[in-house]
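Since the structure comes first, as C-alpha cells, the remarks are kept for the end.
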Amino acid sequence: MKVQKNGFLSIEQLQDQYLTQSKGAASVKTADGFSFQEILNRQQPESELKFSKHAAGRLAARNIELTKGQIERLNAGTAKAEQKGIRESLVIVDQLAFIVNVPNNTVVTAMNQQDAKENVFTNIDGAVIA
C-alpha cells in the first residue's frame, strides 16, 4: 500500500477503510488527522452579510446609509440569530429594521422607523436587537 505524504489518503487507503469498516458511519480522516469537513471549514472565508437586490433597492429608495459600526452590529445580530437556530430574523439596529435570511446570510429587506409604522413583521421566527 502506498502512503501519500501530501496529507490526502490514497485510493488504496480509502479502499481499505471502506472495506474493513463496520456498518456504522465513520468520518474519513487525512494522514494529518483532519476530516473533510474540517478542511472545508478552514478553506471557506468568513461569510459576509449580503444584501438582496430588493434590500439594496429599499436602502437606496429610503436614503438609508449604514455606517461601518451599524454593519458590524447587523453582522453580530445575524450571528446571534444563527446560534439560536433562527432562520428568518428581524434584526434591529438603532432606528433601522432588517429582515435577514440567516442560512443564506442575506438581508431580504430594510426599513427605517417611519416605514415600519405598522410595527407588524411576518414570516420571521426570531428577533435580535443589536
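Our estimate of slack between GLN113 and LYS53, defined as 0.36 nm per intervening residue step minus the Cα-Cα distance, is 19.5 nm.
Annotation: amide H of THR106 within the under-5 Å range of LYS50, ASN101, sequence separation 5 or more or interchain, hydrogens built in the peptide plane.
Where a ≥ b ≥ c are the square roots of the eigenvalues of the C-alpha gyration tensor, would you call the range 41-130 rounded, which needs a/c under 1.5, or, failing that, prolate if a/b is larger than b/c, or oblate? Because a/c hits 1.5 or more and a/b exceeds b/c, the range 41-130 counts as prolate.
Distance between the pseudo-spin-label points of SER35 and ASN101 (7 Å out from Cα toward the beta carbon): 2.8 nm.
Quick note: the coordinates plus some simple rules give every number you see, no bench work behind them. For clarity, every value in this text was computed on a predicted model and none was experimentally measured. Glycine also receives a Cβ, built like all others from the backbone with ideal geometry; neighbour counts cover every protein chain displayed.
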